[in-house]
């Protein structure tokens, strides 16, 4: 099962109007680090979700590039909207998926069959993340959410950057640690005394003990950075990648999953989110993969940019 709910198919054509050629922000608008060209081991041989195409572990080469130390924040996305007049997919469709425990009265909303913890909330958007009456005034330094792949690409165009490839994302997320499960090594997070990232604690999806201090997103510089100085490359929010989600595997379960997704034009997601837990969505590992359709929006998906 994908842990990222997709927007139902629609024949509705949405007009995207934004002055994406308006003056780009200065480079100090983003905190970045330069990563040199490298050859590293990507993927894993010790796969736990083989249907997702995590295997095999293989040596790949990446050119040098510049990467944001954090995901794009609400404050940065607000500046983009103010500069361009851009409307997100969630705004144009008029709703977005919100996780149930973030809502005061989730039972008033339509729930996603098979994943009833997701509520389709009318008028939930990047700046009203739980719908009307909510706002981002106290979370400007949190990752922007309710942004689709389309929205992320529009922001990148304005900013003069782009979304990372999977290889670039994994190289950056590893922070110089080769063949490790997490940015800090192989030690497994738990619900009691090792919480190095923002993931779920408790019994998903109805009880979160909030042992790490966060029910939803955390500020983008919460928790320790990896060896390259990047924050929250696992947990907090899923991060859109540039490329299509492809499963390169001959396993029966993997080929069946790939066939089920045919025609959806799904885009790759990496890193996991605050909803991940070893008992439910064990995809906060660096090699783990997920996907969603390019117009889907949720309360646990964001992005970071690369340059070069």
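When the range 198-213 is limited to residues that are in contact with a strand residue (DSSP E or B) (Cβ under 9 Å, 6 or more places away or on another chain) and part of a loop (DSSP other than H, G, I, E, B), the one that is nearest to residue 283 (Cα to Cα) turns out to be 200. For residue 141, the conditions (1) crowded, with 19+ Cβ neighbours inside 10 Å; (2) under 27 Å from residue 208 (Cβ atoms); (3) touching a residue at least 40 places away in the same chain (Cβ under 8 Å); (4) within 17 Å of the chain's Cα centre (by Cα) all hold with the exception of (1).
The single condition among (1) free of Cβ contacts under 8 Å to residues at least 40 places away in the same chain; (2) assigned to a loop (DSSP other than H, G, I, E, B) that residue 136 does not meet is (1). Taking the range 171-188 as the range and being modelled with pLDDT of 95 or more, surrounded by fewer than 23 Cβ atoms within 10 Å (Cβ to Cβ) and either assigned to a loop (DSSP other than H, G, I, E, B) or touching a strand residue (DSSP E or B) at 6+ places or on another chain (Cβ under 8 Å) (or both) as the test, the residues that pass are 175, 176, 177, 180, 181, 184, 186, 187, 188.
Of the residues examined, residue 162 is one that is modelled with pLDDT of 95 or more and surrounded by fewer than 18 Cβ atoms within 10 Å (Cβ to Cβ).
When the range 222-248 is filtered for residues that are under 12 Å from the mean Cα position of the chain (by Cα) and in a loop (DSSP other than H, G, I, E, B), the ones remaining, listed by number, are 232, 233, 234, 235, 236, 237. Considering only residues in the range 32-45 that are assigned to a loop (DSSP other than H, G, I, E, B) and surrounded by fewer than 13 Cβ atoms within 10 Å (Cβ to Cβ), the one that is modelled with the lowest pLDDT turns out to be 45. Looking across the range 145-170, the residues that are touching a strand residue (DSSP E or B) at 6+ places or on another chain (Cβ under 6 Å) and under 27 Å from residue 134 (Cα atoms) come down to 145, 146, 149, 152, 156. Here the range 292-308 is the region considered, the condition is being surrounded by 24 or more Cβ atoms within 10 Å (Cβ to Cβ) and more than 9 Å from the chain's Cα centre (by Cα), and the residue that is farthest from residue 199 (Cα to Cα) is 296.
The values are calculated or read from the model by the stated rules, or taken from the named source; none is laboratory data. The model shown is predicted, which means the values in this text are computed figures rather than measured ones. Cβ atoms come from the backbone with ideal geometry, glycine included; neighbour counts cover every protein chain shown.
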